Amino acid sequence: MKKIVVIGGNGQLGNCIRKIAPDFELDYEFTFTDSQNLDITDEDQVNTFFTEYKPDYCINASAYTAVDLAETEKEKAFAVNADGVGYLAQACKNTDTILIHVSTDYVFDGETNLCYSEDDFTNPVGIYGESKLKGEELAVEMNPKTVILRTSWLYSEFNKNFVKTMLNLFSQKEELGIVSDQFGQPTNANDLAEAIMMIIENQQKKYGVFHFSNYPETTWFEFAKKIAEFSGSKIKLNQLSTEQYPTPAKRPKRSTMCLDKIEEIYKIEPKHWENSLEECVEILQSNK
């Protein structure tokens, strides 16, 4: 039986993997860690864990994701998103472990009207994106057996995210302003979890960078409108420009990613974001 360790097991993606793990329990033994029992910024801890456990696969679902806070906590962001990834990758190489590392669309500056391919020039506009890009570079440098999955606008029924924040605000307010000039692709973390397991199950491994999200592109405003529609909310939503909603960290204007590569190589067909969103909202509504 092959061993899979999930770093960041209590995060959004970690919980989504945990949810489907029983479907794979005949072939894989899952171990879920969090920062309490494995601090990836501690190189000795990481090395000790991997030497003892010797996993076949490591899914790094952990990250420092506070985009705005990262502007004033640069050291902390880089410790988790860069240094920690480097330690994991080196430990994976030492134990012949395949690393699946989750990254972000924020490695791009968003100054294009086209979708980004995996080979396009990266140019992050904030500390969060910079730290995630450094993590990508260290992962590939330290361990050739690395699959990097860039994803975007992640949400699920777990933890804090845009969908849950909107549903909460809809119940408290009569109207809300949402940015309408930033484009990207919402991604249900459950779909990402399934994609990761499809990669693990694929016998013809191809390493390197891949993009995965739901499709097609949309704006935060249109995303919020659909959340309102699917939840039956009558809230009034107003369009805001990026200039009208200033944040400490700059966001890419259009970070839409091309999804052809993962579909061609791993035969993974991304779902339409509206369909995946509707499923998530139904789960959240039923959990009330």
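Quick look at the values:
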quantity	calculated
Student exercise, the chain dipole from Lys, Arg, Asp, Glu Cβ charges, in Debye to nearest 20	440
Nearby lysines by direct alpha-carbon distance to K236 (threshold 19 angstrom, same-chain neighbours under 8 apart not counted)	K164, K173, K225, K226
Intensity falloff of segment 20-78 expressed as log10 I(q)/I(0), Debye formula with alpha-carbon point scatterers, at q = 0.28 Å⁻¹	-1.22
In degrees, nearest ten, helix 220-231 long axis to first principal axis of the chain (Cα)	80
At R0 = 22 Å, FRET efficiency that the Cβ-Cβ distance of Q36 and K74 yields, to 0.05	0.40
Residues of the chain: accessible area per residue with a 1.4 Å probe, Å²	47
Nearest 10 degrees, 0 to 90: helix 84-94 Cα axis against the chain principal axis	30
17 Å Cα-Cα reach of K250 towards lysines, excluding residues that sit fewer than 8 places from it in its own chain	K74, K132
Choice from Y64, Y87, Y128 with maximal GNM fluctuation in the chain (Cα, 10 Å cutoff)	Y64
Segment 191-288 - charge dipole about Cα centre, Lys and Arg +1 at Cβ, Asp and Glu -1, debye rounded to 20	480
Subset of K205/K267; K54/K206; K253/K288; K19/K271; K2/K206 violating a 24 Å alpha-carbon distance limit	K253/K288
Percent carbon-and-sulfur accessible area, segment 45-185, ignoring ligands, DNA and RNA, probe 1.4 Å	49
Extension gain, K267 back to K93 (0.36 nm per residue minus Cα-Cα distance, nm)	60.0 nm
Excluding exposed DSSP-loop GluC sites (Glu not before Pro) (at most 11 other C-beta within 10 Å), longest clean stretch of the chain	175-288
Computed [θ] at 222 nm, deg cm²/dmol, the chain (DSSP H ≥ 4; -39,500 (n - 2.57); rounded to nearest 500)	-11000 deg cm²/dmol
On Cα atoms only, tilt of 273-286 relative to the major axis of the chain in degrees	90
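The values are calculated or read from the model by the stated rules, or taken from the named source; none is laboratory data. Keep in mind that what you see is a predicted model, and the values were worked out from it rather than measured. Positions of Cβ are backbone-derived with ideal geometry, glycine not excepted, and every protein chain shown enters the neighbour counts. For the accessible areas, the whole protein counts, side chains as well, though only heavy atoms, and no ligand, DNA or RNA atoms are used. Shrake-Rupley method; radii C 1.70, N 1.55, O 1.52, S 1.80 Å.
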